[in-house]
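The values are calculated or read from the model by the stated rules, or taken from the named source; none is laboratory data. Predicted model only: the values in this text are computed from it and were never measured. Here Cβ is always computed from backbone atoms with ideal geometry, including for glycine, and neighbour counts include all displayed protein chains.
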């Protein structure tokens, strides 16, 4: 396919979910040899549009044309047969299936007939797919649940590439990856562009989009606002187009006051576990403590130990002088946790916003030790929705129907509802837009000022430097350096202790 050829044309697409209009007469052109960015606040319609293109949803009205022919896929399999593949933001593999079975899910018939599958042939083809993303050593017969989040993402990318897409949609995938993983997928996108293929890249990371993309399309509240070519990229204009107003100049904290108390909230003493070696530190009341490092350094595992989700092989975690025993014990001690894998470990996707919010507050809402009155649940949920400005049709809307940013707001609402005083936040702004980030950072800073103890785990150095009173850097499971909040602290000061 030649570069700059019109591959996919979208005309006046409308998508309604009940009374909510998610897309309002959106028109877009996707060309070969081009990486087109798609940006907007959570709920702007980005993922809805990509879901229609990839066959997950069908439009309420409007038309699409693929290479000049009417295109209206009824499923992702049909879209893939038309050489349109999509990599979604969250997990898209089935735990109990093998890597090979996940790659060829729905296509098993191509490896045999009459209900029989030639597994040897499937394994060889799966290995070819993984080779496209450099995973030549991965055993394709192992179940998906045995892989970490980043490897699973790379398997999904391999699956998308195996079917030789003319249009590849990358929906927020890079936010889940380490820097090395991001560079790999950037390389894949650039190679597809070089081959004359089209890439539609959805991200909330504006600097990333400005670096990688040839043009950038902005959506707001389901409307297409503007499409900007690379020569005209301007960060301030793009942000204003996204939110309809000028954002404050400062995304992060502007004070340098440090922690507010010397009283410890959590003490971690000589903790050793898989991937972690002899870690000790103290988290104080009125402090934001950051943990940073490259993927695989142990920061995410450490967060699970502090939250009571994972047991240490040696050492202990003390909360208010008590040794933490379990996640239930942690909840009773007012330790709240938001997982990096939000959709599988923090939220219940097929339950309502109200159920997700109130489940964390049952101990506060219940009467006579076991009764929870419906009107109390309703009042509590509506207060959290209002406090956090959660965009939804009602408190009864299912979590899986929300945008990434609104899901994360519900996660924060669960912590607030439980009156958690110690917050373990793993990648708290992953997959959220700049407007939601501003809200989250303001909320975290307010909690610090009220004496909450906050632990932020992140692979994003600007986030750690911008928000934390102290930063502890891990490398190969060990703490290599401690940094204190300073106006002069830069990324380059920190990176050498991570690599």
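For the reader, a short list of remarks on this structure follows.
- Every listed requirement among (1) surrounded by fewer than 21 Cβ atoms within 10 Å (Cβ to Cβ); (2) closer than 26 Å to residue 149 by Cβ; (3) at pLDDT 90 or above is met by residue 53 save one, (1).
- Candidates 336, 413, 321, 315, filtered to the one that is outside the structural domain of residue 51 (by TED's automatic domain parsing), modelled with pLDDT of 85 or more, farther than 30 Å from residue 39 by Cβ and touching a helix residue (DSSP H, G or I) at 6+ places or on another chain (Cβ under 6 Å): 336
- Scanning the range 119-154 for residues that are farther than 18 Å from residue 87 by Cα, surrounded by fewer than 21 Cβ atoms within 10 Å (Cβ to Cβ) and out of contact with any strand residue (DSSP E or B) (no Cβ under 8 Å at 6 or more places or on another chain) yields a total of 14.
To keep it simple, each residue is scored yes or no on (1) surrounded by 21 or more Cβ atoms within 10 Å (Cβ to Cβ); (2) at pLDDT 95 or above; (3) within 26 Å of residue 46 (Cα to Cα).
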{"residue": "436", "(1), (2), (3)": "yes, no, yes"}
{"residue": "443", "(1), (2), (3)": "no, no, yes"}
{"residue": "452", "(1), (2), (3)": "yes, no, no"}
{"residue": "455", "(1), (2), (3)": "yes, yes, no"}
{"residue": "475", "(1), (2), (3)": "no, no, no"}
{"residue": "487", "(1), (2), (3)": "no, no, no"}
{"residue": "491", "(1), (2), (3)": "no, no, no"}
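- Candidates 146, 75, 98 - the one that is over 29 Å from residue 339 (Cβ atoms) and not assigned by TED's automatic domain parsing to the domain that holds residue 275: 75
- Screening the range 236-299 for strands (runs of 3 or more DSSP E) wholly inside it with 2 or more residues that are touching a residue at least 12 places away in the same chain (Cβ under 8 Å), assigned by TED's automatic domain parsing to the domain that holds residue 482 and surrounded by fewer than 17 Cβ atoms within 10 Å (Cβ to Cβ) returns the ranges 264-273, 276-284.
- Exclusive hit being under 29 Å from residue 89 (Cα atoms), at pLDDT 85 or above and in a helix (DSSP H, G or I), set 355, 343: 355
Results for (1) assigned by TED's automatic domain parsing to the domain that holds residue 87; (2) in a helix (DSSP H, G or I); (3) free of Cβ contacts under 8 Å to residues at least 40 places away in the same chain, shown as yes or no for each residue.
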| site | (1), (2), (3) |
| --- | --- |
| 432 | no, no, no |
| 438 | no, yes, no |
| 441 | no, yes, no |
| 448 | no, yes, no |
| 481 | no, no, yes |
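- Residues in the range 215-234 that are outside any strand (DSSP E or B) and within 23 Å of the chain's Cα centre (by Cα): 221, 222.
- Candidates 185, 157, 202 - the one that is in contact with a strand residue (DSSP E or B) (Cβ under 8 Å, 6 or more places away or on another chain), surrounded by 24 or more Cβ atoms within 10 Å (Cβ to Cβ) and closer than 20 Å to residue 460 by Cβ: 202
Residues checked against (1) over 30 Å from residue 10 (Cβ atoms); (2) at pLDDT 90 or above; (3) in contact with a strand residue (DSSP E or B) (Cβ under 9 Å, 6 or more places away or on another chain):
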position: 72; (1), (2), (3): no, yes, yes
position: 88; (1), (2), (3): no, no, yes
position: 96; (1), (2), (3): yes, no, yes
position: 103; (1), (2), (3): no, no, no
position: 106; (1), (2), (3): no, no, no
position: 109; (1), (2), (3): yes, no, no
position: 112; (1), (2), (3): yes, no, no
